[in-house]
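Engineer: Mind looking over this structure? Questions follow.
The values are calculated or read from the model by the stated rules, or taken from the named source; none is laboratory data. Predicted, not measured: the structure shown is a model, and the values here were computed from it. No Cβ is skipped: glycine too gets one built from the backbone with ideal geometry, and neighbour counts run over all protein chains shown. Ligands, DNA and RNA are excluded from the accessible area calculation, which covers all protein heavy atoms including side chains. Shrake-Rupley method; radii C 1.70, N 1.55, O 1.52, S 1.80 Å.
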Amino acid sequence: MTRFDPQALLSPRVNALKPYVPGEQPRIEGLVKLNTNENPYPPSPAVITAIHDAAKDHGLALYPDPESTDLRRAIAARAGLTPEHVFVGNGSDEVLALAFYAFFQQAAPLLMPDVSYTFYRVYGRLFGIEVDLVPVDAGLRIDLSAFESRAAQDCAGIVLANPNAPTGCGLPLSDIERLLEACPQRVVLVDEAYVDFGGESAIALIDKYPNLLVVQTLSKSRSLAGLRVGFVLSQPHLIAALARVKNSFNSYPLDRLAQAGAKAAISDEAWFEKTRQAVIDTREGLTLALEDLGFEVLPSQANFLFARHRGRDAADLAARLRQQAVLVRHFAEPRIDQFLRITVGTRDQCTRLQEALRKVLAT
Ligand SMILES: *Cc1c(COP(=O)(O)O)cnc(C)c1O
């Protein structure tokens, strides 16, 4: 009798998957959680009211609007575009996955920086997309001319985060234009998860470039990581392609609560301004404090800092901080394994981090 092999039950590609590992979400009392770039402030109170209203009566008995029409209208109005320029999904991670599926399964490899959001490589493996990693420069900045010369030999497209993750470094729009022009026959996907904390958005280029896809999320600057809403802005022909993929996979990626809450968040400009400015202000203070403690800190346009201590091992620091109930993120990956990625928290959280660091550095 042949031995039962559970792996043989799986699709062959699934055996080879190496899934993304998100930052941990432990339940520790008094935890200072600076490891997953969540916003330290709550979402707009209007979000809670809208979610409550959407759940009232028999609202949840009915399927949600499969096209998320009201939410797309709100996002479009704010960006100065039409709803046909907007696609929404269950977090920008899902939106990214659908975009990889829709645009990047080509004969040539997909280009991305070697230091970037690691989920991009996971999607590449999931969909069998070959990936070419373009090295960032010695300062961990994206190397424009390396991308240009690599794109000249055909590619499936370009994916990058701007500001980049996990470095926090941003590119000016003129550089994004150079990439769009280097790769005119393929989609250039700009992931703007952190743009509201000081980056330059490529939304302004959408009318001019039919190959530009801008991805944003409500998880960071709108304090809604728990609601799972991300969106794409681009010309209608790319939006229509994403809708084809989505409607071949899941007609209802956003439930009623998410659509209502997200729309309320997008509409509360005052709350958005206040909370993102608070994060930006705290970031500047935290940068100086970390430098005083012996860190080299990359200039950040995001809600986190990427920092390397001049004398101490990063993995060891992260482990010792954890013992003090302070979580930061360490990536055991080439080129960045001596850095810590530290989310900008409230002022109190940043003070707790500094106290914990002082203790750890004294031992
Ligand atoms: C956080 C993050 C995302 C994921 O955002 P969700 O909308 O919560 O799925 C996407 N891209 C980058 C670069 C991120 O840091």
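Engineer: Give the residue list of chymotrypsin sites (Phe, Trp or Tyr not before Pro) in the range 154-253 that are DSSP loop and have at most 11 other beta-carbon atoms within 10 angstrom.
Structural biologist: none
Engineer: To continue, here is another question. Please find, in a Gaussian network model of the chain (springs between Cα atoms separated by less than 10 Å), the residue of Leu233, Leu31, Leu98 whose mean-square fluctuation is greatest.
Structural biologist: Top of the fluctuation ranking is Leu31.
Engineer: Rounded to whole Hz and in sequence order, give me ³J(HN,Hα) for the range 196-203 from the Karplus expression 6.51 cos²θ - 1.76 cosθ + 1.60, θ = phi - 60°, writing x for Gly and Pro.
Structural biologist: Result, ordered by residue: 6, 9, x, x, 10, 7, 7, 3 Hz.
Engineer: Would you work out the relative contact order for the chain, in percent, from Cα pairs under 8 angstrom that are 6 or more residues apart?
Structural biologist: It rounds to 24 percent for the chain.
Engineer: Provide, as a two-decimal number, the C-alpha radius of gyration of the chain over 2.2 N^0.38 Å, N being how many residues it has.
Structural biologist: Values: Rg = 21.0 Å, N = 363, 2.2 N^0.38 = 20.7 Å.
So the chain has a normalised radius of gyration of 1.02.
Engineer: OK, next. Could you order the peptides 80-91, 254-265, 349-360, 17-28 from most to least packed, using the average number of other C-beta atoms within 10 Å per residue?
Structural biologist: So the peptides 80-91, 254-265, 349-360, 17-28, ranked by packing, come out 254-265, 80-91, 349-360, 17-28.
Engineer: Based solely on its DSSP helices, what 222 nm [θ] is calculated for the chain when runs of n ≥ 4 H residues each add -39,500 (n - 2.57) and the sum is averaged over all residues, nearest 500 deg cm²/dmol?
Structural biologist: Computed ellipticity for the chain at 222 nm equals -11500 deg cm²/dmol.
Engineer: Looking at this model, which pairs from Lys33/Lys56; Lys18/Lys263; Lys220/Lys263 are more than 25 angstrom apart at the alpha-carbon?
Structural biologist: Lys33/Lys56; Lys18/Lys263, as the Cα separations exceed 25 Å there.
Engineer: For a quick check, take a GNM of the chain with Cα springs below 10 Å and name the residue from Asn37, Asn15, Asn164 with the largest mean-square fluctuation.
Structural biologist: Maximum among the listed residues: Asn15.
Engineer: Step through the residues of the range 279-291 one at a time and calculate ³J(HN,Hα) from phi using the Karplus curve (6.51 cos²θ - 1.76 cosθ + 1.60, θ = phi - 60°), rounding each to whole Hz and writing x for Gly and Pro.
Structural biologist: Those phi angles translate into 5, 4, 4, 5, 4, 5, x, 5, 4, 5, 4, 5, 4 Hz.
Engineer: Among Val232, Gly345, Val360, whose Cα lies farthest out toward the positive end of the dipole of the chain, if unit charges sit on the beta carbon of Lys, Arg (+1) and Asp, Glu (-1)?
Structural biologist: So the residue furthest toward the plus end is Val360.
Engineer: While we're here: Scaled to the compact-protein estimate 2.2 N^0.38 Å, what is the alpha-carbon radius of gyration of the range 245-363, rounded to two decimal places?
Structural biologist: Normalised by 2.2 N^0.38 Å, the Cα Rg of the range 245-363 equals 1.36.
Engineer: Just to be sure I understand: with springs between alpha-carbon atoms less than 10 Å apart, which residue in Ala146, Ala156, Ala74 has the highest mean-square fluctuation in the Gaussian network model of the chain?
Structural biologist: Highest fluctuation of the listed residues: Ala146.
Engineer: Carbon and sulfur atoms: what percent of the 1.4 Å accessible area of the chain do they account for?
Structural biologist: Answer for the chain: carbon and sulfur cover 53 percent of the accessible area.
Engineer: Leaving out ligands and nucleic acids, note down the accessible area per residue over the chain with a 1.4 angstrom probe, in whole Å².
Structural biologist: 46
Engineer: Determine the order of Thr49, Thr343 by accessible area, beginning with the largest, at a probe radius of 1.4 Å. Don't skip to the end; give the middle numbers.
Structural biologist: Details: Thr49 80, Thr343 0 Å².
If we order Thr49, Thr343 from most to least accessible, we get Thr49, Thr343.
Engineer: Hey, if we sort Asp337, Asp175 by accessible area with the 1.4 Å probe, largest down, what's the order?
Structural biologist: Asp337, Asp175
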